[in-house]
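Below is one structure; the comments refer to it alone.
The values are calculated or read from the model by the stated rules, or taken from the named source; none is laboratory data. Only a predicted model underlies this, so the values are computations on that prediction, with no experimental measurement involved. Don't worry about glycine lacking a Cβ; one is built from the backbone with ideal geometry, like all the others, and counts go over all protein chains shown. To get the accessible areas, we keep the full protein, side chains included, count just its heavy atoms, and leave off ligands, DNA and RNA. Shrake-Rupley method; radii C 1.70, N 1.55, O 1.52, S 1.80 Å.
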Amino acid sequence: MGSIEESEANRESIYEFIKLWIDQCLYVSSKSENYGKIYHDEATAQRLNISMRIHMIYQEHGHRDAVRSLEMMMDHTAEVLEGENFYAGNNNHGMFQAQALRDYAIYANWKSAEFRLKLISISLERLSEYFRSCFTSEGVHVEHSPSYHLMVARHVHEHLEFMDILTSSRPENLLRILAKAELHAIHCIQPDGRFLPLSDTSQTPLTNAQMNVFTSREFSYAASGGKTGQVPPDRTLIETKSGYLFHRSAWGDPNAAYMSFIAAYNGGYHKHSDDLHLYLWKSGYELLTESGPYGYQMKEPYVRYGFSQYGHNNIIVDSNSLPRHDEKMDQVSMSEIIKYSSGSTIVSARNARFDNVIHIRKIEYNDSLSSIEVTDSLKSDIEHEYQMIWNLDPRLNVRIHEDFVVGHIEGRPLVKLEFRGLESLKIKLHRGVKGIRPRGWRFPNFGSKVIGNQVAVYFSGSTLDVFTSIHVYEMNFPNENELVPTVVALARNKEDHLQNVDVRSDMVQQKHEVPSDFASLKFIEGTLLVQPLESSSRATIKLYRGSTLFSERSGAISNMRWSDLASGSYRARIYPKGKDSWRPPYTSEWIKIP
């Protein structure tokens, strides 16, 4: 139809819709079964904001009937928002309500000055109370999500601007909150200039994220990946009261290693069950990751999975994930950091939200993050079945061994996890499990899913300690004939238990199937084909025989197959297209055709 400002016909059409909405919805009874949908707490605030903008347009075009209808609609909506029973309270929905009420009071010049001042007083009191309560003493937003942290900080900044215009001053307590909030935001940024995937966070580039909120040169440096601004003074930030630890091996290096350790239960909104979760990033890969958020409809199995412990790197007791939110905020805590002259650092955290189990996780790491030692201490007076979960980057080819796992990319190992301290254990790799209890998924955006790598270590006991050694390798390890490397050639650390393992034998066992986050290259019954994750997936495929480009095709992946191929080693360079064009290109592993 076009914009409301584009033509009189568009304005008439919108006006007809407004009249219909007023007639059917405006005065619906609070006892109606549809009341909660029509007057959703945040949507009602947003509707008032939009109504003010539309009212302004109709005024400019002299549409008196529409102006009067909108004023009636806004007056009633403001009356609803003013009510204490409708106010959502100290959360971001309540913030939106208070802001809409504040802006309406300023805008509604057809109302009395006394009435407008009353609404301004109510809205400012609500906003001040929310901003005081929604950040921890360390300046971290309690809703446990870097993107929401940034969003609310933006609203704090906007409120400071408003107060400056109204009173010619800015509240000092809000200025202090904003300064601490900026420090937290800086350390939430990975070396690639995006927030780490924590809670309900969408990972988008932050180059323009300041929006005049965080104006320091240090934030610019972190958000731009070192292209602009000034190097932050510290590579480590620990916020023990809030429950966060961040460390990186370097600033300004896109291949630097980056780690976060989480014990943050400061509020229920947007929180995932990620207590004692460890995240590790290096050279563009989420070596240890999480599912990310899928949505908010809790009837959807993928949504429940994204919120659950299964979607994070922690320990599950008796196959039952802890709930996302259970009010046990005092049962999760983090210790002070300890640094040793050897260069190693130790921090621990505690989760006592379980029934009859206390979990203490200790992390010891070196400055480069090439070596991380994890000690999981479980205390209980009865026997339990435990699962230790490690989610790895979907692009990694994960191989399971007797007491360790290795994550490879194009034959080069990037990360190894070795498990000790257990008399008996079972390791399973879960990839793309569907049904009512999905496992092994990564949600890069809301509503979008790719098959992930979930390693689960199964064991039992009551009180015991489990040790996980995490080794991180550089990308430039040599490989053998660009195929799968012998790990003997890669073992540069005397303690590396990979030395006696020939990984090439594992590739044979995998029956030529190369898992990926988008498509798999397979050789089935004499035909080489690319099997997509979804039937609608599209890509450009460059198929190589040895180092020679053999074939190049574009279109639906499900149609791509090659028969009667000469013997040799083949692999594909895959460039996702269409709805999947956001995915980076990648190269499959070699498949040898006899």
When you go through PRO413, PRO444 one by one, which is the residue that is at pLDDT below 95, in a strand (DSSP E or B) and either closer than 30 Å to GLY546 by Cα or in contact with a helix residue (DSSP H, G or I) (Cβ under 8 Å, 6 or more places away or on another chain) (or both)?
PRO413
Which one is nearest to the chain's Cα centre (by Cα) among residues in the stretch 552-579 that are within 22 Å of SER535 (Cβ to Cβ) and of a type in the set (A, V, I, L, M, F, W, C)?
ILE574
Would a scan of the stretch 256-271 turn up a residue that is in contact with a helix residue (DSSP H, G or I) (Cβ under 8 Å, 6 or more places away or on another chain), without any contact (Cβ under 8 Å) to a residue 24 or more places away in the chain, farther than 30 Å from VAL406 by Cβ and assigned to a loop (DSSP other than H, G, I, E, B)?
no
Looking at (1) open to solvent by 30 Å² or more (accessible area, probe 1.4 Å); (2) among the acidic types (Asp, Glu); (3) within 19 Å of VAL472 (Cα to Cα), find the lone condition where GLU423 falls short.
(3)
Would you point out the residue of the stretch 1-12, among those that are open to solvent by less than 40 Å² (accessible area, probe 1.4 Å) and under 23 Å from TRP110 (Cβ atoms), that is nearest to the chain's Cα centre (by Cα)?
ILE4
Can you tell me which residue among VAL67, VAL28, VAL80 is under 25 Å from ASN10 (Cβ atoms), among the hydrophobic types (A, V, I, L, M, F, W, C) and touching a helix residue (DSSP H, G or I) at 6+ places or on another chain (Cβ under 9 Å)?
VAL67
The lone condition ASN255 fails out of (1) crowded, with 18+ Cβ neighbours inside 10 Å; (2) under 30 Å from LEU396 (Cα atoms) is (1)
Set VAL415, VAL466, VAL433: member being among the aliphatic types (A, V, I, L, M) and surrounded by fewer than 17 Cβ atoms within 10 Å (Cβ to Cβ):
VAL433
Quick one: which helices (runs of 4 or more DSSP H) sit completely within the stretch 13-125 and have at least 2 residues that are crowded, with 19+ Cβ neighbours inside 10 Å?
41-60, 64-82, 92-107
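Yes/no matrix, rows are residues, columns are (1) open to solvent by 40 Å² or more (accessible area, probe 1.4 Å); (2) more than 22 Å from GLU290 (Cα to Cα); (3) of a type in the set (Lys, Arg):
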position: SER168; (1), (2), (3): yes, yes, no
position: PHE246; (1), (2), (3): no, no, no
position: ASN266; (1), (2), (3): yes, no, no
position: TYR269; (1), (2), (3): yes, no, no
Select the strands (runs of 3 or more DSSP E) contained entirely in the stretch 326-388, then report the ones holding at least 2 residues which are surrounded by fewer than 18 Cβ atoms within 10 Å (Cβ to Cβ) and free of Cβ contacts under 8 Å to residues at least 24 places away in the same chain.
358-365
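One line per residue, one yes/no per condition, for (1) of a type in the set (D, E, K, R); (2) farther than 17 Å from LEU396 by Cβ:
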site	(1), (2)
ASN266	no, yes
LYS282	yes, no
TYR305	no, yes
SER308	no, yes
ASN314	no, yes
ASP318	yes, yes
Across the stretch 271-291, what is the total count of residues that are surrounded by 24 or more Cβ atoms within 10 Å (Cβ to Cβ) and of a type in the set (S, T, N, Q)?
2
Any residue at all in the stretch 140-148 that is closer than 28 Å to SER3 by Cα, outside any helix (DSSP H, G or I), of a type outside the set (D, E, K, R) and at pLDDT below 95?
no
